[in-house]
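The structure appears right after this line, and notes come after that.
Taken together, the values in this text are just the output of simple stated rules run on the coordinates, not laboratory data. Every value quoted in this text rests on a predicted model; they were computed, and no experiment measured them. As a convention, Cβ positions derive from the backbone with ideal geometry for all residues, glycine included, and neighbour counts pool all protein chains shown.
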Number of protein chains: 6
Amino acid sequence: MTIENRPSGRAADALRAVRLTRQYTKHAEGSVLVEFGDTRVICTASIEEKVPNFLKGKGQGWMTAEYGMLPRSTHSRMDREAAKGKQSGRTQEIQRLIGRSLRAAFDLNGFGERTLHLDCDVIQADGGTRTASITGAMVAAYDAFAKLAEAKLIAAMPVKHFVAAVSVGVYCGQPVLDLDYLEDSGCDTDMNVVMTDAGHFVEVQGTAEGEAFDRATMDRLLDLAQSGIADLIALQKKSLGLSS
Amino acid sequence: MTIENRPSGRAADALRAVRLTRQYTKHAEGSVLVEFGDTRVICTASIEEKVPNFLKGKGQGWMTAEYGMLPRSTHSRMDREAAKGKQSGRTQEIQRLIGRSLRAAFDLNGFGERTLHLDCDVIQADGGTRTASITGAMVAAYDAFAKLAEAKLIAAMPVKHFVAAVSVGVYCGQPVLDLDYLEDSGCDTDMNVVMTDAGHFVEVQGTAEGEAFDRATMDRLLDLAQSGIADLIALQKKSLGLSS
Amino acid sequence: MTIENRPSGRAADALRAVRLTRQYTKHAEGSVLVEFGDTRVICTASIEEKVPNFLKGKGQGWMTAEYGMLPRSTHSRMDREAAKGKQSGRTQEIQRLIGRSLRAAFDLNGFGERTLHLDCDVIQADGGTRTASITGAMVAAYDAFAKLAEAKLIAAMPVKHFVAAVSVGVYCGQPVLDLDYLEDSGCDTDMNVVMTDAGHFVEVQGTAEGEAFDRATMDRLLDLAQSGIADLIALQKKSLGLSS
Amino acid sequence: MTIENRPSGRAADALRAVRLTRQYTKHAEGSVLVEFGDTRVICTASIEEKVPNFLKGKGQGWMTAEYGMLPRSTHSRMDREAAKGKQSGRTQEIQRLIGRSLRAAFDLNGFGERTLHLDCDVIQADGGTRTASITGAMVAAYDAFAKLAEAKLIAAMPVKHFVAAVSVGVYCGQPVLDLDYLEDSGCDTDMNVVMTDAGHFVEVQGTAEGEAFDRATMDRLLDLAQSGIADLIALQKKSLGLSS
Amino acid sequence: MTIENRPSGRAADALRAVRLTRQYTKHAEGSVLVEFGDTRVICTASIEEKVPNFLKGKGQGWMTAEYGMLPRSTHSRMDREAAKGKQSGRTQEIQRLIGRSLRAAFDLNGFGERTLHLDCDVIQADGGTRTASITGAMVAAYDAFAKLAEAKLIAAMPVKHFVAAVSVGVYCGQPVLDLDYLEDSGCDTDMNVVMTDAGHFVEVQGTAEGEAFDRATMDRLLDLAQSGIADLIALQKKSLGLSS
Amino acid sequence: MTIENRPSGRAADALRAVRLTRQYTKHAEGSVLVEFGDTRVICTASIEEKVPNFLKGKGQGWMTAEYGMLPRSTHSRMDREAAKGKQSGRTQEIQRLIGRSLRAAFDLNGFGERTLHLDCDVIQADGGTRTASITGAMVAAYDAFAKLAEAKLIAAMPVKHFVAAVSVGVYCGQPVLDLDYLEDSGCDTDMNVVMTDAGHFVEVQGTAEGEAFDRATMDRLLDLAQSGIADLIALQKKSLGLSS
């Protein structure tokens, strides 16, 4: 596969260097620094010993996610959402996506009346922050539940599937995997895909930012995503000391 | 195709009765009541003779969308967003989707420094309000631009493609087209698809609410959407007195 | 009475064509489309099985109203209040007026610890939206309570009075009934009157937008309102199949 | 006129002791402490050398009013609106009323492109704070304009009329003038009336809090208001050293 | 000590005329008008028969403070915080300071599960509003607790210390006590000090607005504050009829 | 000096291990990770080519600071301020302190009509986050101005003084330097001090959280701060490759 036209010099189907650093901060039950190339996100998982009102007394747990970017994580400084007094539509969309994706990975009936809060905070942005967040949050959540299991507070790990996420897109007419910022801002189509370790889809969100794209392109993008996500899940398991 | 397990009795690939009523209200440049079965949405298109600051002096136009639901458009009454003082994440996600979809349909360089405001207000909800909104807003926007063209304010209609949208999903294990509320609340997977009259994708947003779904299901869902959208675009053109 | 100077050509004491369409939408316990000429408002009445905290345990019910306008219900598009994050002073003033007026019509001790939510949403505005809202909400509330009575959840209809509302004003020096938008924007004095079927006053809100007005004018305006409201209450009762 | 059933022992047509203290604070162009019995309101008038955007370049001025209550101006402490982050519907309704009333008193074309800000802050509340505010703000505004006139910045005082306001109501079945808190909280009907020194109406806002009231009562209430306002305007003029 | 360069003509170590007027308004349990020269602040203390959630059931009380300025308490009119929808950082900083200072004065275990709300509202500002607020709030709080003691609702006055506050600063190179507005706006360093009747520090907040200041200046400023606060506490006790 | 009663085992006058890592993220003009023991704060300095409106056309620059904490930077998870829709009083107080401190360090007339935005985001909190922020922001700001100087956009580095900050407090009766979380939560008095490299005071903010403290303690605390800040400024200069 030719690599000449990606700014990064990567092959069309090549991920960036991906790193997962566990126990990155000391207070959270799970704390992971996830890096996709220059994109760096701190994902923490915090366990709270109660559930939202709509779930009280049902014996089940809840998982929810929040997402933020440091004001100068980006090329030019963005206004701080806390100072503006509201989260943008983009932020809300991303945190809803992270929450749904992670709820698909775990069994909400498997950890009692507890809430797992996932916080994904972007320290440095270079494209793909939402997919990096999902990929890192999976590991942070796993670590948090492992703490509950070690403490015998839950009988078994409430994992249904591993999930990971990656972006795919059409850059200069060519379908490519895991777009960095330069590729993302120049691409025609951007699609974020979340899949399980069984190769099944949890979320597909594709947008034609330039030209609408045809079915053949759609098929190629889904192939790229499937292959990239398999690699990411292998990395997640390796970082947790699990066999693939 | 068997129809026995859809609450509506429809075939798996059957749309609900779809109606487009133009000139539904009198003040807006374009005003369409769109009905997909019991789902009823008023879509208005308003032309404003200026653009947002970030586009000033660039000679191009802008299109933006807002979405709302009347508090009792739904089974049980929802809180009014204006009274709560903010729009939900869901509302923002939907209006961002409508905006992107319609900007794909029109040439932003073809109508001068004007803003087209699309307002999609749900009067009665029975599933598929966002896809009905996109389908109706296309016609409202067309009418508004036609007014500009009749008044010789623009040289040609700035239409690139017709776009329409429909939901598809997996209901009781079976891929189906155009889910109503009963089907939507019971389904495993929900996907909203926006396509052009050339059969190309503008947006694909799929979520596995229950089980993650496999590639074969994905392919079947995309087939259903493609067929349904072709019918919807034919209806749009017919209501506008255009040949398909 | 001369009619020459009203833009509408109506006699000074003539209402516009008034229509009340019940069961306009399907989910609400009461749902009425009210039209005063080109002014169209959807009034829904929703029953909630609880009361606000300040009434809990007192065995009495509550009624509250909210009012909104679709952004393009007006000649030029207004900003959406949900997007601005707050309701204007005008909106709050109107919904407080609707709430007080309807609480005067019904016996709050007659329907248990329930809240009746009245939502008045203006689809198309051509003057007199607040008085149309009150007039339509009366019928929607009646229908909602009738559902409770049919289901034997309340022993009797909790109606104290019928109430209706109309605007009166001084247009080109002449007192007139039921101002439309053209008359309203050109008038000196605008007064909204809410009365019962016994001909008693519930609310009187008059503002001299131009010249202050004298006592004789006040008397004439009250006469016009009294006569118009009697007609409106007859229409309400007729639409409900009640004898006047 | 019998006085036995007013808690205050006043005759039905008697005002409370009314005092107007000019130059109450030192920074404002006009500053008046107005007292109606135990109701005490600080009314300041501030001149700003510009107008809102919608009036720029039109050569006319603007007047606007804001209203507030100190948290413990009332029997039990109210939440501070600045801390809650929004003004109540009641506050907005009152400040809109004050603004409209004062704009009726002055010629907006008579003081150049300036804004007069009226601030009415209730120090101690005992009924009738909005009518006291209007009565005091008239004097504060007069003082502020007099400063402009003395400085030769305007050619003449831009006064069209004097305006004052008073409440009337039905207490224990009897129409009475100028209700204090005890009377107000026990009354059936409450009406606020704003009139000019010519005896013409600027605003009438009546609400039947208990029983709806008949036309004869309406007439008696308007008589009481007319008489009370004449006295208040005489007091305003006296405090300003003007002949009635 | 030379007095030539203070605009007020005061000696460097001289307070302005300080007055404390108790029972200034009639509803509050404690109500004090405090004046430091032309600075006038109404301090009220309101007792509420409950505590915030985080203290429920612990048998202890709570004290909290809010601060506000009337829009035209200042030289030029400020925007009203209630209208802007939020309190400034300055306001929040001040009310946190007042709250901490007063909680240091009283024994939170000595008045049951009650909350004392202190409201400090500036009627006229001429420098030192926050220190005047603390000094006046001490007396208002004392009065409120005295009411509880008289009513035998508490066994003893829960006073630990008297506290008072004063500003000191460097004006034209010279350390001075109790800056008025002219001095404050021209000074290099501004320090607010809160002390007890034992001469101990509760709060010290110093800011070099111009040049950073050295340790000798710091020492002189603390001396001035200590002397001024001793005088203020003597005044507080005298106004309450207590021996110093 | 005895060390037995500090949880950290440090001497009363010992700082924690302090590290300054420059160029911590890649987009910001200045980016520093500052660590005081386990307290970790990312300080970025961003240059914007304009000033706030109140400074336009005056030829001078501006510096402003914002502060935030990641939700799980703390022992138990805090609510995200962006999600709550407002910054707490504590946050605003801290960012005002950082801004004032850094404006004291640089010459606002020395870098043209530009704004330097300082963002201090706490990744991990263990006491002293505001003083660490100031200490790190000094270095980040220096780096940002050095970029302007290298690019010849400014003629000289606009540094007036180096500033650094540290906390001091009374822990178990003993004055100590640089409190960590355990010491901070158990201490009686907490004082934050900001000083220049000339040993002069920029800010002093001391609060007696338990017992009020006497003048001798105040003197000892100021001594400790002075010594600690001298060490911190030496570290800042060393990290920048400057001679002390």
How much net charge surrounds E:Leu153 when only the other residues with a Cβ under 9 Å from the Cβ of E:Leu153 are counted, with Lys and Arg +1 and Asp and Glu -1? +2
Which three numbers, in whole Å and largest first, are the semi-axes of the equivalent ellipsoid of the protein assembly as shown derived from its Cα gyration tensor as √(5λ)? 51, 51, 30
Counting other C-beta atoms within 10 Å, which of A:Thr135, C:Thr25, F:Thr39 has the fewest, and how do the rest follow? C:Thr25, F:Thr39, A:Thr135
So the pair-distance distribution of region C:189-229, from every Cα-Cα distance in 5 Å bins, comes to percents of 6, 22, 35, 22, 11, 4, 1
Relative to the longest principal axis of the C-alpha atoms of chain E, give the angle of the C-alpha long axis of helix E:129-150, reported between 0 and 90° and rounded to the nearest 10°. 20 degrees
Determine the calculated [θ] at 222 nm for chain E from helices alone, applying -39500 (n - 2.57) to every DSSP H run no shorter than 4 residues and normalising by the residue count; nearest 500 deg cm²/dmol. -10000 deg cm²/dmol
Mind checking the angle between helix A:89-105 and chain A's longest principal axis? C-alpha axes, 0 to 90 degrees, to the nearest 10. 60 degrees
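Write down the Kirkwood hydrodynamic radius of region C:157-237, to one decimal in angstroms, obtained as one divided by the mean of 1/r over all alpha carbon pairs.
Numbers: mean 1/r = 0.0775 Å⁻¹.
Evaluated over region C:157-237, this radius sits at 12.9 Å.
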Fraction of alpha-carbon pairs over 20 Å apart in region A:1-81 - percent: 59 percent
Using label points projected 7 Å from each Cα along Cα→Cβ, tell me how many nm separate B:Lys147 and A:Gln174, to one decimal. 4.8 nm
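Can you compute the FRET efficiency between C:Arg215 and B:Lys237 using 1/(1 + (r/R0)^6), with r the Cβ-Cβ distance and R0 = 51 Å? Round to the nearest 0.05. Working shown, then result.
Numbers: r = 63 Å, r/R0 = 1.24.
E(calc), rounded to 0.05, equals 0.20.
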From the label point of D:Glu48, set 7 Å along Cα to the beta carbon, how far off in nm is each other copy's matching point, shortest first? 2.2, 2.3, 3.2, 3.6, 4.0
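What is the projected area of the convex hull of the Cα atoms of region F:83-154, averaged over all directions, in nm²?
Values: hull surface 24.3 nm².
That works out to 6.1 nm².
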Working from the alpha-carbon coordinates of region E:111-225, get Rg over Rh, Rh being the Kirkwood radius. 1.08
Among residues of chain B, the one whose beta-carbon sits nearest the axis that rotates B onto E, given with its distance in integer Å, is B:Gly85, 5
So what is log10(I(q)/I(0)) for chain D at q = 0.08, 0.10, 0.16, 0.17 1/Å, when the Debye sum runs over its Cα atoms only? -0.30, -0.47, -1.15, -1.27
With A:Asp219 itself left out, Lys, Arg at +1 and Asp, Glu at -1 over residues whose Cβ is under 11 Å from its Cβ give 0
Can you tally the net charge around C:Met138? Count Lys and Arg as +1, Asp and Glu as -1, for every other residue whose Cβ sits under 11 Å from the Cβ of C:Met138. -1
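Reported to two decimal places, what Rg/Rh ratio describes region B:19-131 when computed on Cα atoms with Rh from the Kirkwood expression? Walk me through the numbers on the way to the answer.
Numbers: Rg = 15.1 Å, Rh = 15.1 Å.
Here the Rg-to-Rh quotient is 1.00.
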Label points for A:Asn109 built 7 Å along Cα→Cβ; distances to same position in the other copies, nm, shortest first, come to 5.0, 5.0, 5.8, 7.4, 7.8
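Stokes-Einstein D for region B:114-167 at 10 °C, 1.306 mPa s, Kirkwood Rh over Cα pairs, in µm²/s? Numbers along the way, then the final one.
Working: Rh = 12.5 Å.
Estimated via Stokes-Einstein, D reaches 127 µm²/s.
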From phi via Karplus (6.51, -1.76, 1.60), per-residue ³J(HN,Hα) for region D:9-20 in Hz, x at Gly/Pro: x, 6, 5, 4, 9, 9, 6, 6, 5, 10, 10, 10
What gaps in nm, shortest first, separate C:Gly9 from its twins in the other copies when you place the label 7 Å past Cα toward the beta carbon? 4.8, 6.7, 8.1, 8.1, 9.9
Strictly over 30 Å apart at the Cα level, which of A:Lys147/F:Lys26; C:Lys84/E:Lys26; D:Lys56/F:Lys86; B:Lys58/F:Lys56; B:Lys84/B:Lys160 would you flag in this model? A:Lys147/F:Lys26; C:Lys84/E:Lys26; D:Lys56/F:Lys86; B:Lys84/B:Lys160
